[in-house]
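Reviewing the structure listed below.
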């Protein structure tokens, strides 16, 4: 009995590390965003060139997701998480050496290589340590690290930059990752023997995964859903400067608000799933209904460009980020409902490739639209595409198909829930 309680405490400690890793992940990612108004002016970088720097990050992030997911399934959570956070922390520090658009793009590319491992690692950890009925809640806590990181980033980075310059900001945030790494290596222990055996038994060959309709449709859904978040992460401070003439100090004081509502969305996502489950909805159906509800909350962003009030724009954007996070809290748990534990990181790695491809394409579209028109059509675009993502998730297979997937694990994959 004592061993059971000890393992129960350990899983919450490990979840807290996954949460903190995601906070640091987004502090790294937001450093460029918050520094953008200064960097674009200092290095004379246009919106189109900035979109290409973001594209460089997304290019590395995209293709490394496919690699990192497979590596995590084979190396295990402890080693895999350690390697990915060490790499991205070193890359963040290198950004301090930037001397123009080209070097900044190269260092952002390296940052994307490392950051690609965070979500496959976190989803794998949750699948290993939490039962299916608690995964939406655990996923919401894990993913809320993105929102917390985005909340903390504007005031923290603005403070560091105003006190010591933008180069110091990159160094300070990079060092945080190495502090996390020391704590992780000290505390992490592999899950129990039964979970480890299930993890090994559930590893699926690549050719088997590639024959799954679920994999491709889930990946496509991420190509439409995640570019919305990338837009708010990378472009929101620049939007405040261009459309509302905000200073760096004003950006630091207000740019955290949409990410605070995103934190609430993560918690609300798990709560809505629980309510639907208690009302009698099957597990897979409850997750999908919650995703539809929260995706609909992203649509009002289409009115941002037509709103002259900065406060009104922030309210609409905050509603959209709340919806995105509520949907993602449920989406993170969907592969674990269908596939065995040993394949979850691989599934999520491929899905994140779809996320990255969508992010690259829509980043270039954003830069072109801003340079040639304004932010107005961009907000319309990012208010509409979440509906396509929600439809793709709703029509996902409720079990692993075809039959050869079930045969790979011997005892079979989970039945539809």
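Bear in mind that the values in this text are calculations on the coordinates, not laboratory data. What you are looking at is a predicted structure, and each value in this text was computed from that prediction instead of being measured. In this analysis, Cβ positions are derived from the backbone assuming ideal geometry, glycine residues included, and neighbour counts consider all displayed protein chains.
Remarks
- MRE, 222 nm, helices only [DSSP H, n ≥ 4, -39500 (n - 2.57), over the chain, to nearest 500]: -27500 deg cm²/dmol
- Choice from 46, 295, 309 with maximal GNM fluctuation in the chain (Cα, 10 Å cutoff): 309
- For a paramagnetic label modelled on residue 264 (point 7 Å from Cα along Cα→Cβ), amide N atoms under 18 Å away belong, within segment 117-146, to 140-141, 144-146.
- Two-decimal log10 I(q)/I(0) for segment 1-93, as the Debye equation yields it once each C-alpha is a single scatterer, q = 0.15, 0.20, 0.24 Å⁻¹: -0.76, -1.09, -1.29
- A simple packing score, the average count of other Cβ atoms within 10 Å per residue, orders the peptides 163-171, 123-131, 260-268 as 123-131, 260-268, 163-171, with the highest score first.
- Relative to the longest principal axis of the Cα atoms of the chain, the long axis of helix 344-372 makes an angle of roughly 20 degrees.
- Acute angle (nearest 10 degrees) that the helix 135-164 long axis makes with the longest principal axis of the chain, alpha-carbon atoms: 20 degrees
- Over segment 67-198, equivalent-ellipsoid semi-axes from the Cα gyration tensor in Å: 31, 17, 13
- Computed lengthening from residue 185 to residue 308, 0.36 nm per intervening residue step minus Cα-Cα distance: 39.3 nm
- Share of alpha-carbon pairs per 20 Å distance bin for the chain, given as whole %: 29, 59, 12, 0
- Semi-axes of the equivalent ellipsoid for segment 276-400, Cα gyration tensor, largest first, Å: 30, 19, 10
- Relative contact order (%) - the chain, alpha-carbon pairs under 8 angstrom, separation at least six: 27 percent
- Helix 118-129 and the long axis of the chain differ in direction by around 30°, with both axes built from C-alpha atoms.
- At 1.567 mPa s and 4 °C, Stokes D of segment 239-298 from Kirkwood alpha-carbon radius, µm² per second: 95 µm²/s
- Length gained on full extension, residue 13 to residue 99: 26.9 nm, using 0.36 nm per residue less the C-alpha separation.
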